[in-house]
Each structure stands twice: as structure tokens, then as C-alpha cells.
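Chemist: Input: one structure, supplied below.
Derivation of every value follows stated rules applied to the coordinates shown; laboratory data play no part. This is a predicted model, so every value here is computed, not measured. Note that we place each Cβ from the backbone using ideal geometry, even for glycine, and neighbour counts take in every protein chain shown.
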Amino acid sequence: MNNVTSNDWPYLRPDLPPVPRPGEAEHTVSVWLLPKFSMLSLICLLEPLRVANRFGRKLFAWELLSATGEAVVASNGVRIDVDGPLAAVSHCEMLMVISSYEAEATVTPSDRAVLRQVAAHGALLGGLDTAPFILARAGLFEHQKVALHWESVPAFQEEFPHLAVSEARFEFTDQRLTGSGGAAGIDMMLQWIEHDYGPALANAVGRQLIHNRVADEETWENALRQQYDHLPRSVAGALAIMEAHLGQALTIPEICRLVGQSQRQLTRLFLAHLGMRPKQCYLGMRLDQARRILADSRCRVTEAALATGFNHLSHFTRAYQERFNERPSVTSERGTT
């Protein structure tokens with residue numbers, strides 16, 4: 001790491017920050033974009049690097065890649081041109097993979113072979129959002145903790161029970177870098193900047209982005225709890241209990257007992273604040289969980305049903321089709337094609 005002795009990084013404020021080409025900067029980041037990737041994840045990955053270049057010299061360059069070298073369409077429908085195909089980066093300093101919906105739908109054995117080759121040459125390899133699925137299926141995690149989007153955690157644990165899933169927004173080691181995606185990418189890149197250039201530059205970049213760095217102890221579970229802060233305590237408590245028991249469904253009377261509320265009163269509060277009864281809400285949460293498992297993992301329909309508390313496959317299939325207008329087998333096939 002470069003030592004910084006001043007209290008703040010020298011700020012030259014050029015009219016435009018330099019955007020060096022790959023090889024012209026001290027570090028080059030190769031970014032593989034998967035179809036339906038998250039645009040927010042890409043922006044949060046690159047913007048801290050762009051801003052860092054404003055502080056005196058060409059620190060970071062980047063290149064965008066796709067499997068074929070053709071443009072990629074993000075999940076928001078925006079078409080992004082790339083600099084080349086994934087196969088062109090058998091040697092690189094750092095390769096980040098960004099995916100979101102249906103992460104594995106277009107990944108081929110050749111793509112996974114490229115990832116293994118890049119790792120074998122000592123590159124820093126990472127993934128955002130659902131990309132850890134791609135890296136795990138390529139056999140690129142051993143003893144590292146893995147951070148990924150909280151919605152995908154159950155499916156990841158179902159498929160890779162031997163890998164440790166982190167509750168943190170990102171995990172950074174010498175050879176692997178994983179994150180939950182979205183705004184967490186800013187904190188992840190600031191950590192990398194701090195690792196190589198010290199806290200002064202990282203803090204200066206954070207100020208330019210008007211971004212308060214998240215404390216290390218803040219986890220995605222804490223963020224999930226905060227979304228219930230505006231609800232009555234019994235409703236928030238019931239929702240937390242439901243989330244904690246998606247795999248072993250409790251009865252509504254049991255949930256009422258645990259939150260210390262009568263079923264009639266809890267139903268009234270759910271209808272007033274959420275527009276649905278507790279039973280409807282709980283069923284929807286379990287079905288949403290099942291959909292994530294089917295879309296993100298290679299679990300069979302029966303396994304997804306059991307993992308979300310459904311003991312009868314016919315009941316699960318009927319409820320799933322009513323909610324998503326497709327059979328669970330269709331979701332499963334689309335996610336693993």
C-alpha cells in the first residue's frame with residue numbers, strides 16, 4: 001500500500017477526470033457483464049474509480065466485456081457496448097463479474113474455463129449481486145466467505161452448503177472480492193482504494209460521491225430490519241418471524257402468540273398497513289423465496305417446495321402458478337438453461 005502522510009489527498013480538480021485506456025493506468029479492471037445485469041451495480045463499481053482519477057494521476061482504467069464481444073442489455077433495458085469478448089482476458093489484473101436476473105442462463109463451460117484460467121494466473125477475481133453463483137459453479141471458492149445479494153442467499157446455501165455465506169455487504173481477500181451489488185459496490189471499491197492508496201484517498205472519493213461509508217458491522221440483515229421501522233411493533237415482529245421461518249411454516253395462531261397479539265387484532269393491523277391478511281402475506285413471502293431458489297440455483301421443484309415449507313407439491317404448484325402466472329418447472333428450466 002502507498003503511504004499517505006498528509007491529512008487529505010492532494011486534490012487538483014481538473015475540468016474532466018482522466019479516463020485512461022486499459023494499460024495506461026496503474027490498475028486495470030476488466031468487467032464481464034451478463035445479460036440482465038444490474039446497471040446500478042456497474043455504476044457503483046466504476047464511479048469510485050473514475051473519481052479517484054481526479055486526485056492527481058491515472059490510477060484506474062477499466063474495460064467492459066461480454067461473452068461474445070457483442071453489446072449487452074441490462075435489466076433496465078439499456079444496451080451497453082463493450083470493449084471485447086471475455087475470452088480476450090486470459091491474463092488480467094482484476095476481473096469482476098456482474099449479473100443479476102437468471103445469472104447462469106447464458107454461461108457456457110468455455111466461459112467458466114476462462115474464469116479458472118484467469119484465477120490460475122493470480123488475478124483478483126470477484127462478483128457482484130448473483131455473480132458468486134457463476135464463480136462457485138466454476139469451482140473458484142475454497143475457504144473464502146462469500147457475499148451476495150440477500151435475496152439469493154437461500155438458493156446459494158441450498159446449492160453450496162459447504163461454502164460460508166457472509167452477512168456483510170462485501171468480502172475482500174487477496175484473491176477474491178464478492179459483494180451484494182447495488183450501492184454496496186461503492187463501499188467495496190472504496191475498500192480496495194484504501195487497501196492500495198490509504199484512507200485519505202478513499203475518504204476523499206467518498207466525499208466527492210456524497211457517500212457515507214457503511215460501518216463494517218452493518219449487515220444486510222440489519223438493512224432488512226430497518227424496512228419495518230415504520231410499522232406497528234406487532235406487525236414488524238410478525239414479519240420478522242415469518243422471514244425467519246420461511247422453510248418451516250408456522251401457523252398464524254402461533255405467530256400471534258409469539259408477538260403477543262390476538263389474531264383478530266393482528267389481521268386488522270395487517271390489512272390497515274399492508275393491505276392483506278397475515279396468511280396471504282406469509283404465503284407470498286414463501287412463494288417469493290421459492291422463486292428465488294428456482295431462478296438462482298439448480299434445485300429441483302420438489303426441493304424448492306420443501307425448502308419453503310410446502311409439504312404437498314400440488315398445493316405448492318397451484319399457489320405458485322396463481323402468483324407468478326407460470327409453473328415452477330418453467331422458472332427452474334429458464335434459470336438453468
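Chemist: By per-residue mean of other Cβ atoms within 10 Å, what is the highest-first order of 142-154, 124-136, 309-321?
Modeler: Output ranking for 142-154, 124-136, 309-321: 124-136, 142-154, 309-321.
Chemist: Classify the stretch 288-337 from the C-alpha gyration tensor, please: rounded if a/c falls under 1.5, else prolate or oblate depending on whether a/b exceeds b/c.
Modeler: Note, shape of the stretch 288-337 comes out oblate.
Chemist: In a GNM of the chain with a 10 Å cut-off on Cα contacts, which of MET285, MET94, MET188 has the highest mean-square fluctuation?
Modeler: MET285
Chemist: Still on this structure: Once amide H atoms are built 1.01 Å from N in the peptide plane, which residues 5 or more positions from VAL165, or in another chain, come under 5 Å H to H?
Modeler: VAL146
Chemist: Ok, one more. With +1 on each Lys and Arg Cβ and -1 on each Asp and Glu Cβ, how big is the dipole of the chain about its Cα centre, in debye rounded to the nearest 20?
Modeler: Rounded to the nearest 20 debye, it is 1140 debye.
Chemist: May I pose another question? How many angstrom separate the Cα center of the stretch 32-62 from the Cα center of the stretch 265-337?
Modeler: About 36 Å separates the Cα centre of the stretch 32-62 from the one of the stretch 265-337.
Chemist: Calculate the FRET efficiency for LEU163 and SER314 from the Cβ-Cβ distance with a Förster distance of 35 Å, rounded to the nearest 0.05.
Modeler: Once rounded, the FRET efficiency stands at 0.60.
Chemist: Also, quick follow-up: Can you tell me how much longer the chain between LYS58 and ARG300 gets when fully stretched, taken as 0.36 nm per residue apart minus their C-alpha distance, in nm with one decimal?
Modeler: That works out to 82.2 nm of additional length.
Chemist: Under 20 Å from a label point 7 Å along Cα→Cβ of ALA105: give me every residue in the stretch 16-45 with its amide N that close.
Modeler: Correct set: 32-42.
Chemist: Considering the options VAL330, LEU46, ASN311, tell which one lies farthest towards the positive end of the dipole of the chain, charges being +1 on Lys and Arg and -1 on Asp and Glu at the Cβ, about the Cα centre.
Modeler: The residue sitting most towards the positive pole is ASN311.
Chemist: Show me, for the stretch 140-155, the HN-Hα J-couplings you get by feeding each phi into the Karplus relation (A = 6.51, B = -1.76, C = 1.60, θ = phi - 60°), rounded to Hz, glycine and proline as x.
Modeler: Rounded to whole hertz, the list is 9, 10, 10, 10, 6, 6, 10, 10, 8, 4, 4, 5, 8, 4, x, 5.
Chemist: With a ≥ b ≥ c the root eigenvalues of the C-alpha gyration tensor of the stretch 22-142, is it rounded (a/c under 1.5), prolate (a/b larger than b/c) or oblate?
Modeler: oblate
Chemist: What whole-number value in cubic angstrom gives the convex hull volume per residue for the C-alpha atoms of the stretch 254-308?
Modeler: 88 Å³
Chemist: Can you compute the FRET efficiency between ARG334 and ALA272 using 1/(1 + (r/R0)^6), with r the Cβ-Cβ distance and R0 = 41 Å? Round to the nearest 0.05.
Modeler: With R0 = 41 Å, the Cβ-Cβ based efficiency is 0.65.
Chemist: Right, another one. How many percent of all Cα-Cα pairs in the stretch 227-336 sit more than 17 Å apart?
Modeler: Looking at the stretch 227-336, the distances longer than 17 Å represent 54 percent of pairs.
Chemist: Additional query: P(r) for the chain, please, calculated from all Cα pair distances in 10 Å bins and given in %.
Modeler: In order of increasing distance, the bins hold 5, 23, 29, 23, 13, 6, 1 percent.
Chemist: Can you put LYS36, LYS58 in order, fewest other beta carbons within 10 Å first?
Modeler: Lowest count first: LYS58, LYS36.
Chemist: Remind me, relative contact order of the stretch 45-143 in percent, using alpha carbon pairs under 8 angstrom and six or more residues apart?
Modeler: Relative contact order comes out at 22 percent.
Chemist: A follow-up question, please. Which of the aspartates and glutamates could be linked to LYS279 by a straight reach, that is with a Cα gap under 20 Å, when you skip same-chain ones fewer than 8 residues away?
Modeler: By straight Cα distance, LYS279 reaches GLU243, GLU254, ASP288, GLU322.
Chemist: Could you check the spin-label model distance between ALA183 and ARG116? Points 7 Å from the Cα along Cα→Cβ, value in nm.
Modeler: In this crude spin-label approximation the distance works out to 4.0 nm.
Chemist: Hey, what did the chain get for relative contact order, percent, Cα under 8 Å, at least 6 apart?
Modeler: 16 percent
Chemist: Taking amide H atoms as placed 1.01 Å from N in the peptide plane, list the residues 5 or more away in sequence, or in a different chain, whose amide H sits under 5 Å from that of LEU177.
Modeler: Counting only residues 5 or more places away or on other chains, the set is LEU125, GLY126, GLY127.
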